[in-house]
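The values are calculated or read from the model by the stated rules, or taken from the named source; none is laboratory data. As the structure is a computational prediction, the values presented were derived from the model and not from experiment. Here Cβ is always computed from backbone atoms with ideal geometry, including for glycine, and neighbour counts include all displayed protein chains. Heads up: the accessible areas ignore ligands, DNA and RNA and are worked out on the full protein's heavy atoms, side chains in. Shrake-Rupley method; radii C 1.70, N 1.55, O 1.52, S 1.80 Å.
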Amino acid sequence: MKTTQLLIPTQKEAPNDAQVISHQLMIRAGLISKLASGLYTYLPMGLRILQKVEAIVREEMNKAGAQELLMPVAQPAELWQESGRWDEYGPELLRFNDRHNREFCLGPTHEEVITNLAAQYLRSYKQLPMNFYQIQTKFRDEIRPRFGVMRSREFIMKDAYSFHLDQDSLQETYDVMHQTYCNIFDRLGLDYRPVLADSGSIGGDSSHEFHVLADSGEDAICFSDESDYAANIEKVSFSKQDRVCTALADEEKVLTKKITSIEDVAQFLSVDKAQCIKTLIIKTADGFKALALRGDHELNEIKVNNLLGEFDFATDDEIKSLDLKKGFIGVKGLSVDLIVDYSASVLCDFVCGANEWDYHLTGANWQGVDLNEADLRNAIQGDDSPDGKGKLVIKRGIEVGHIFQLGDKYSKAMNANVIGESGKAVTTTMGCYGIGVTRVIAAAIEQNYDDRGIVFPQGIAPFQMVIVPINYNKSTRVKDLADTLYQQCLEAGIEVLLDDRKERAGIMFADSELLGIPHRMVLSDTHADNGNVEYKARNNADKLEVKFEEALSFIQSKLN
Ligand code: ATP
Ligand code: MG
């Protein structure tokens with residue numbers, strides 16, 4: 001294609017709301033345009049990239065034996081009522097009524113629709129296993145849409161759902177999908193890691209996330225420095241340890257006037273935060289609970305969810321009504337049940353609140369406390385790896401994919417049964433597999449850029465090469481050569497962009513560099529005098545002179 005035929009609105013400055021580099025560069029390179037918070041138009045260059053990512057995903061899914069279909073964006077409430085999620089799913093689910101006042105939502109995911117489909121069309125065990133996928137628009141009314149298409153409200157997902165007769169069959173497809181995701185992210189040229197993820201009530205190793213490693217990632221990923229253990233921080237679990245306390249200190253009540261935060265208390269008393277205990281008050285369906293953690297640890301809300309169900313942090317008024325003193329809550333004589341994190345319960349001679357305004361205890365111990373222990377915390381750098389090998393290192397990751405064994409959660413609720421071998425109805429077992437297709441583009445840019453712009457991996461660049469003729473509109477010689485090379489490339493099936501604008505060379509170079517086009521050929525009168533073209537790769541500063549007659553075969557060798 002020719003640049004003058006295309007809308008490529010490159011710009012020097014990024015908008016103020018673009019905090020991360022991928023968002024800045026996607027706007028500056030003219031790939032996307034913001035319509036409203038979390039809603040973006042894919043401009044022609046952005047769409048070319050998107051279609052390339054989709055093509056790779058589609059090819060690998062087809063290779064893995066999955067079949068493509070396409071489900072509606074709008075979904076009737078009845079299906080969600082059947083699965084129980086109409087009430088469970090929070091405000092991320094955008095709900096609306098049609099003209100007949102029937103309730104609908106915009107699909108944030110498609111378990112309900114596909115399970116309904118399976119219930120209709122899958123009748124016999126002989127049809128199983130089956131794996132369906134689509135590449136389709138999702139809507140989630142995210143509380144904080146940000147980072148451009150990385151966390152948008154409308155985005156494109158590849159979502160797949162498999163149906164099985166039993167767990168063994170599900171595991172087999174799950175393993176195939178795991179490998180398929182590796183193939184996809186390899187082909188996309190990403191530096192990624194599959195990591196263990198929280199699988200809620202299903203448990204076990206039945207969920208993996210695929211993370212692209214990048215400092216801007218919203219997730220924390222833990223790796224062992226000695227083994228191949230890798231897990232989302234949410235998932236890293238700890239077991240109970242033995243408490244060994246010798247020669248206990250004398251407990252003392254010390255005045256800590258208006259000192260409430262763990263940082264300030266630790267500093268004031270000159271102790272390590274790890275030697276202090278903080279107590280959090282939460283509200284569960286089963287009443288208020290107190291959770292005790294080591295001062296340097298953070299609560300893992302997913303673990304609490306799995307242990308106690310949905311919960312909220314108690315408000316200041318609620319804390320007051322329980323006769324607790326916010327900032328000075330301790331672990332002894334509480335009016336609510338106390339659950340102690342495994343690493344807090346092994347502390348000896350610790351600091352904690354005295355349950356009295358302006359006082360903390362030093363030299364406190366667990367004597368006299370009815371210890372109810374659990375794993376409540378997030379991992380921190382340097383923790384022992386849960387597999388017993390090495391220490392944990394924490395890195396940032398962008399979740400680009402997620403595979404999950406669902407079991408019979410949806411198939412049971414929505415009657416997705418088949419007739420089994422014995423003639424009796426069997427509830428199918430399901431797996432689901434997502435890739436954030438639009439998020440992948442942002443993630444690829446986070447890993448591939450320099451001070452001039454994007455450095456796209458070859459597989460997803462909007463064009464494979466650009467021809468930049470200098471004085472295209474003035475020198476017929478340059479124009480003839482550029483047109484000839486352009487035609488040759490088109491005929492050879494190369495995705496080539498001819499920059500036919502009346503622009504200065506510097507601007508044309510800058511734009512193609514911003515866009516991340518991997519290969520560039522420059523033609524000018526000087527080059528024509530020497531019978532050469534100039535070649536430069538986006539990811540290499542060196543320029544090369546190539547004989548004009550050899551330009552096509554040269555570029556072909558670069559593309560292979
Ligand atoms: P996150 O924790 O980032 O919100 P999620 O757990 O909600 O992700 P899934 O429901 O597993 O995500 O969705 C599958 C994939 O869809 C994710 O791995 C991610 O790549 C992508 N995705 C999810 N939410 C968004 C979003 N708001 N914008 C862009 N992509 C998204
Ligand atoms: Mg989410």
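Below, the figures for the structure above:
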{"item": "Accessible area of H100 in the full protein assembly, 1.4 Å probe (Å², nearest 10)", "result": "110"}
{"item": "Heavy atoms of F288 accessible to a 1.4 Å probe, total area in Å² rounded to 10", "result": "50"}
{"item": "For S237, distant residues with modelled amide H under 5 Å away", "result": "none"}
{"item": "The stretch 504-560 - percent relative contact order, Cα under 8 Å, separation 6 or more", "result": "24"}
{"item": "Accessible surface, 1.4 Å probe, highest first, among residues V212, V426", "result": "V426, V212"}
{"item": "Once exposed loop GluC sites (Glu not before Pro) are cut out (DSSP; at most 11 other Cβ, 10 Å), longest piece of the chain", "result": "14-309"}
{"item": "Estimated 222 nm signal from helices in the chain, with DSSP H stretches of n ≥ 4 weighted -39500 (n - 2.57), rounded to 500", "result": "-8000 deg cm²/dmol"}
{"item": "Long-range amide H partners of Y229 with built H, under 5 Å", "result": "S224"}
{"item": "Solvent accessible area, Å² - Y229, 1.4 Å probe, full protein context", "result": "30"}
{"item": "Surface accessible to a 1.4 Å probe, per residue, for the residues of the stretch 250-312, Å²", "result": "55"}
{"item": "Shape of the stretch 364-462, Cα gyration tensor, a/c cut at 1.5", "result": "oblate"}
{"item": "Where I454, I143 fall by accessible area, highest first, once all protein chains stay in place (1.4 Å)", "result": "I143, I454"}
{"item": "Percent carbon-and-sulfur accessible area, the stretch 101-212, ignoring ligands, DNA and RNA, probe 1.4 Å", "result": "46"}
